[in-house]
1. Per residue of the range 165-180, in order, report the coupling 6.51 cos²θ - 1.76 cosθ + 1.60 (Karplus, θ = phi - 60°) as ³J(HN,Hα) in whole Hz, putting x for Gly and Pro.
2. What 222 nm value per residue comes from the helices of the chain, counting each DSSP H run with n ≥ 4 as -39,500 (n - 2.57) and dividing by all residues, nearest 500 deg cm²/dmol?
3. Given the Cα atoms of the range 271-338, and with Rh set as the inverse mean 1/r over their pairs in the Kirkwood sense, what is Rg to Rh to two decimals?
4. Before I look further, what does the chain give for accessible area per residue, probe 1.4 Å, in whole square angstrom?
5. For the range 329-393, how big is Rg over Rh, using alpha carbon atoms and the Kirkwood form of Rh?
6. Just the number: Rg to Rh for the range 119-190, Cα atoms, Kirkwood Rh, two decimals.
7. With the crude spin-label approximation of a point 7 Å out along Cα→Cβ, what separation in nm comes out for K312 versus K360?
8. Can you list the equivalent-ellipsoid semi-axes of the range 81-222, largest first and in whole Å, using the square root of 5 times each Cα gyration tensor eigenvalue?
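The values are calculated or read from the model by the stated rules, or taken from the named source; none is laboratory data. Remember, it's a predicted structure, so these values are computed and weren't measured experimentally. Don't worry about glycine lacking a Cβ; one is built from the backbone with ideal geometry, like all the others, and counts go over all protein chains shown. Surface areas here come from the heavy atoms of the whole protein model, side chains and all, with no ligands, DNA or RNA. Shrake-Rupley method; radii C 1.70, N 1.55, O 1.52, S 1.80 Å.
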Amino acid sequence: MSNNFETISHDIFLSVERNSPHIGLRNPMVGAGPADYKWLYPEDIFSTEIFWTDSFWTGQLWLAYMVSGTSKFKNLARMRYGHLNRILDTPILMNHDLGFQFSLSAVADYKLTGNKEARTLALRAAEALRNRFNWNGNYLVAWTAGSEGKEHAEKIQGKIIIDCMENLPLLMWAYSETNIESFKTVAIAQAETTIKHIIRDDWSTYHSFDFDTTTNEPIRGGTYQGYADESCWSRGQAWAIHGFAQLALMTGEERYAEVSSKLLDWVIEHITDDLLPVWDYRLPEHEIQYKDSSAGSITAAGAVLLSQVLDKFGNKSTAEKYRTFGIKMLLALREQCDLTSDENAQGLLNQAASFVHVAKELDKENLANSMLPYGDYYYYEGVLRAMGHKKFFW
Ligand code: GLY
């Protein structure tokens, strides 16, 4: 397989083009199995068609449109506006992932084409995200109590998660469009709460942090998807690396680039030699060492993004170090996980871990080892960043 980024990006483009008629208006959620490269959709797994993963395929369509200017990708992406409106009309299924859902769809459309309808939709989503903020506790609650029954509600009230860093760009974008200060205030407050409570002193991260819902006093860090409360879920670390680099870019605050650098340095010290993250960096040896290529692609895209941000701040030598690391990670994905040469593969990368605890509980290996649409989106973004693209949808 060629290691040239022009070729990799072309292979990805061809895969997206090949699979778009089959995927149609559906939104891939997870692959069918370790060696079964078909997509499953939220409606195949839950009784809902709305899920946090809904725009990662759309994001790939917009990337394909960005590099080719071919209308069919734009048209297919736009045909999802009915679905995006349904998300905004279904408050019980809305959560902090409005950021992912609308940055990679409506904001992408507006940034690439100036479509005013898309701008309106994205601003509605940003308002809904801002309205989730707890002004007394200074946090953006992740999930919505009542969306998955009583037991879930008890576990998640007052909980924030590190993934939220990638939802903040929607707020920062809304601020840049409208000049309404509260969008920025909420984004910065959530980032500061994350620094204070989720990032540990050694620059590894908790996945989650709980607040007392009556007093809003901080309780403790923990995990939802990682191996253990005191471990370090690799995708969580990746969300934070990309998220803080992006926040540095959108605010012009160098301090956030420093946070992203420290988080990335921690990964550089702890990642295995194959540069493909295990799903939790502190997984004990007796556990099955499932890999998570999505943690790999998000970290890699984040590393190259961070290098672009540091370059802007004039920190050339550190920028080069992270760019080199990001490129090595992308090439590791190319060598070990890339499916683009398989005509029957519907996604780009195998070996991704969505939710290992649930995989064990339900005996569904595909939740621990298969394709993931977010792994794919960030792979495409990372490859384009490695080629020098700087403008994306965040
Ligand atoms: N944001 C949920 C996940 O990364 O699995």
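1. Here the 3J(HN,Hα) series is 4, 7, 8, 5, x, 4, 5, 5, 5, 4, 5, 5, 7, 10, 6, 7 Hz.
2. Only helices count here, giving -16500 deg cm²/dmol.
3. Looking at the range 271-338, the ratio lands at 1.07.
4. 38 Å²
5. Taking Rh as the inverse mean 1/r over Cα pairs, Rg/Rh reads 1.05.
6. Result for the range 119-190 is an Rg/Rh of 1.01.
7. 4.1 nm
8. After scaling each eigenvalue by five and taking roots: 27, 18, 13 Å.
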